[in-house]
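Comments concern the structure below.
The values are calculated or read from the model by the stated rules, or taken from the named source; none is laboratory data. Since the structure is predicted, the reported quantities are computational estimates derived from the model, not experimental observations. Here the Cβ is made from the backbone with ideal geometry for all residues, glycine too, and neighbour counts use every protein chain on show. Side chains included, ligands, DNA and RNA excluded: accessible areas come from the protein's heavy atoms. Shrake-Rupley method; radii C 1.70, N 1.55, O 1.52, S 1.80 Å.
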Amino acid sequence: MSDLEEILINKKVCKSVWFMRQAGRYLPEFREIRSQNKDFIQLCLNSDLSSEITLQPIKRFNLDSAIIFSDILMVPYALGQKVEFIKDHGPKLEEFKIENFLNNNKNKFSQKLQPVYKAIKNTREKLEKEKSLIAFIGAPWTLLIYMLGSKIGKNQVDYEILKKKEFEVNLILDNLHDYLCLHIENQIAAGANVVQIFDSWAGLITPENLQDYCYIPNLKLVDFCKNKKIPVICFPKGISENYKEFNNLVKPNGLNLDYDINPIWAKENLKNVVLQGGLSPNALLSSEKEIFKRAEKYLDTFKKSPYVFNLGHGLLPETDPVKVEKLIKFYREY
Ligand code: 1CP
């Protein structure tokens, strides 16, 4: 069993570090490959290259876990919605059509994502056995935000539209759940050891809607993982003190703190769960002294608990890899 699994399953107090978005944009060796592969989806579907990119941060920093190089938007892609990544702008999805969405089947879906599973298999073979390979998915709500895009907005959600479309929205969320379970199952079968669920846009949900759009969809996925005996980490970014209610209802093995959560509050309020991350990725843009000071706040708070060192969101593209290396060293010597 890898250390990450030992921490998540047996609540062992030991050291373990990995970073969200550790494979990609801030690494020169990634940029080199990316510059020759303009189509991001095709890059994710290139098993050899995505395995190579997954291992880049492991080679460079000897991190304790690898996260497969892929994207949460591979799911809408596999469900037939065209996905493009516009430089300096982010993802752009083709207009959502319910009739196309409903015209999918499990075979077609798994077939389209076969290269991702092959990349997982290749990577697992190359990775040392004490390191975990992390698979991931976007939570249904976060995928919905991208899939419906302009129809419900990204900076704020128009609940009037959402209510008017309630039947369609629930149909999409239910269908997504089934495909996400299949995607988890396929990634596990290919050799992944741990699953992380990114609900990056949970913070857009109003408190009275959290139950329907965040807690229940996450709970159903967590239960699916638990039935498969696979440890699962949730990341309901931006829901502030509702992290407590989330944890009490969803009960994942691990919970990634976002950078707005006070670690001392987390320690007092988030029980029976392994905490991960929290440090703002912005900290890595400051001086070494400042980085260590801010990291220490998390390390001091969680020193007697099972805790996975990570960030409160993904590494930023402008991060200097040298500072990442220094932070890892600081953590290991702490
Ligand atoms: O242009 C480029 O070079 C592509 C940049 C890039 C990379 C490296 C994107 C576009 N996605 C990825 C890989 C990726 N995405 C990984 C694997 C690498 C790793 O973590 O080490 C993972 C786990 C993701 C997950 C992901 N994609 C999330 C959830 C995490 C988060 O940051 O909140 C989300 C929301 C996405 C969507 C996405 N993919 C890419 C972009 C620019 C975006 C949009 C993010 C946004 O709108 O802010």
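Which of the residues belonging to region 238-261 are open to solvent by less than 80 Å² (accessible area, probe 1.4 Å) and part of a loop (DSSP other than H, G, I, E, B)? Even if it seems obvious, please write down each step before you answer.
Taking region 238-261 and keeping what is open to solvent by less than 80 Å² (accessible area, probe 1.4 Å), we get 238-240, 242-243, 246-247, 249-250, 252-258, 261.
Across region 238-261, the qualifying residues are G238, I239, P252, N253, D258, I261.
Can N247 be described as at pLDDT 95 or above and touching a Pro at 6+ places or on another chain (Cβ under 7 Å)? So N247 does not fit the description; no. Restricting attention to region 81-102, report how many residues are of a type in the set (D, E) and open to solvent by 100 Å² or more (accessible area, probe 1.4 Å). So the answer is 3. Tell me yes or no: at least one residue of region 263-273 is open to solvent by less than 10 Å² (accessible area, probe 1.4 Å) and within 16 Å of the ligand (Cβ to nearest atom). No, every residue in region 263-273 fails to be open to solvent by less than 10 Å² (accessible area, probe 1.4 Å) and within 16 Å of the ligand (Cβ to nearest atom). When only residues in region 222-237 that are more than 19 Å from F19 (Cα to Cα), open to solvent by 30 Å² or more (accessible area, probe 1.4 Å) and touching a residue at least 40 places away in the same chain (Cβ under 8 Å) count, which is nearest to the chain's Cα centre (by Cα)? The extreme case among them is F224. Counting only residues that are assigned to a helix (DSSP H, G or I), more than 14 Å from the ligand (Cβ to nearest atom) and of a type in the set (G, A, S), region 174-208 holds 1 of them. The criterion of at least 2 residues that are without any contact (Cβ under 8 Å) to a residue 40 or more places away in the chain is met by the following helices (runs of 4 or more DSSP H) wholly inside region 33-135: 40-44, 47-61, 98-102, 106-112.
Consider region 61-103 and keep the residues that are aromatic (F, W, Y) and more than 10 Å from the ligand (Cβ to nearest atom). The one that is modelled with the lowest pLDDT is F96.
Residues that are out of contact with any strand residue (DSSP E or B) (no Cβ under 6 Å at 6 or more places or on another chain), assigned to a helix (DSSP H, G or I) and within 13 Å of the ligand (Cβ to nearest atom) do not occur anywhere in region 16-27. I'd like the full set of residues that are free of Cβ contacts under 8 Å to residues at least 12 places away in the same chain and of a type in the set (S, T, Y), limited to region 257-308. Of everything in region 257-308, those that are free of Cβ contacts under 8 Å to residues at least 12 places away in the same chain and of a type in the set (S, T, Y) turn out to be S286, S287.
Pairing residues of region 309-326 that are farther than 23 Å from A266 by Cβ with residues that are part of a helix (DSSP H, G or I) and open to solvent by less than 60 Å² (accessible area, probe 1.4 Å), at Cβ distances under 6 Å and at least 6 apart in sequence or on separate chains, gives T319/L284; K323/L284; E325/F61.
Within region 268-289, identify whether any single residue is β-branched (V, I, T) and either farther than 21 Å from I134 by Cβ or part of a helix (DSSP H, G or I) (or both), and answer yes or no. Checking region 268-289: not a single residue is β-branched (V, I, T) and either farther than 21 Å from I134 by Cβ or part of a helix (DSSP H, G or I) (or both). Scanning region 298-310 for residues that are crowded, with 16+ Cβ neighbours inside 10 Å and either polar (S, T, N, Q) or not in a loop (DSSP other than H, G, I, E, B) (or both) returns Y298, L299, T301, Y307, V308, F309, N310.
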